[in-house]
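Report on the structure given below.
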Amino acid sequence: LFRRDHVGIVFQSFHLVPTMTALENVAVPMELAGRADAFERAEEELTHVGLSHRLTHYPGQLSGGEQQRVALARAVAGDPKILLADEPTGNLDGTTGEQIIELMFDLHDKRGTTLVLITHDTELAEACDRVVRLKDGLIDSIEPGRRAKQTAAAQ
C-alpha cells in the first residue's frame, strides 16, 4: 500500500497495456485504488503532459515520446511523494527526451515531488540537484549536481 499511495514509477519500457487507451492506462490504476475521480484526474494529467488530443488512442497508435508521456502521467496521477524514473529518456530521441525531463523537473519544482532519476546519461545526472554514483552495487560518491549549484549561486 505504501508504494501505491506514495511512489510513482516511470519504467524505461513504459509498461502500457496495449488494449487500453491512453486515458484508460492512466485512470484504471487509480480506479482500482478506489479513486472516484480517476478518469477526470487521468484526463488532467494527460493534458498536463500535452496529450489531450490523444486520450482515446492505444499505445500502438502513439509515438515513443507519447507513450513515455502516458507512462509519466500514470506515475504522477496519484500525487506521489516520490517519483522513480528508470532511464526515462533511454528509448527516446534527444528532443523528446529533453521534453520528458523538463516535465519531470517541472513536477518536482511545482508539486514538491522527490524525483529520483536512474540513468547512465552523465549529462542528465549532472542536471539534477544531487548525483549519487554507484559502483559494484555500492555508493561510490555523492556530489551536488548543476541544479544545486545554480540554487547556491543564486542565494
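The values are calculated or read from the model by the stated rules, or taken from the named source; none is laboratory data. Since this is a predicted model, take the numbers as computed values, not measurements. Reconstructed Cβ throughout: ideal geometry from the backbone, glycine too, with neighbour counts over all protein chains shown.
Miscellaneous remarks
- Any chance Val17 is outside any helix (DSSP H, G or I) and either touching a residue at least 12 places away in the same chain (Cβ under 8 Å) or surrounded by fewer than 19 Cβ atoms within 10 Å (Cβ to Cβ) (or both): yes
- Test for Asp136: is it farther than 20 Å from Thr47 by Cα and not β-branched (Val, Ile, Thr): yes
- Test: residue in segment 91-104 that is of a type in the set (Val, Ile, Thr), in contact with a strand residue (DSSP E or B) (Cβ under 9 Å, 6 or more places away or on another chain), surrounded by 15 or more Cβ atoms within 10 Å (Cβ to Cβ) and farther than 22 Å from Val17 by Cα: yes
- Taking segment 105-155 as the range and being hydrophobic (A, V, I, L, M, F, W, C), in a helix (DSSP H, G or I) and surrounded by 11 or more Cβ atoms within 10 Å (Cβ to Cβ) as the test, the residues that pass are Phe105, Leu107, Leu124, Ala125, Ala148.
- Scanning segment 33-56 for residues that are within 20 Å of Ile100 (Cα to Cα), among the aliphatic types (A, V, I, L, M) and part of a helix (DSSP H, G or I) gives Ala42, Leu46.
- Of all the numbered requirements in (1) on the phi < 0 side of the Ramachandran plot; (2) surrounded by 12 or more Cβ atoms within 10 Å (Cβ to Cβ); (3) without any contact (Cβ under 8 Å) to a residue 40 or more places away in the chain, Asp79 misses one, and that requirement is (1).
- Residues that are in contact with a helix residue (DSSP H, G or I) (Cβ under 7 Å, 6 or more places away or on another chain) and assigned to a loop (DSSP other than H, G, I, E, B) were ranked within segment 57-78; the one that is farthest from Val10 (Cα to Cα) is His57.
- Hey, Ala85 assigned to a helix (DSSP H, G or I) and surrounded by 15 or more Cβ atoms within 10 Å (Cβ to Cβ) or not: no
- Looking across segment 30-72 at every residue that is closer than 17 Å to Thr19 by Cβ and loosely packed, with under 14 Cβ neighbours inside 10 Å, the one that is modelled with the lowest pLDDT is identified as Leu32.
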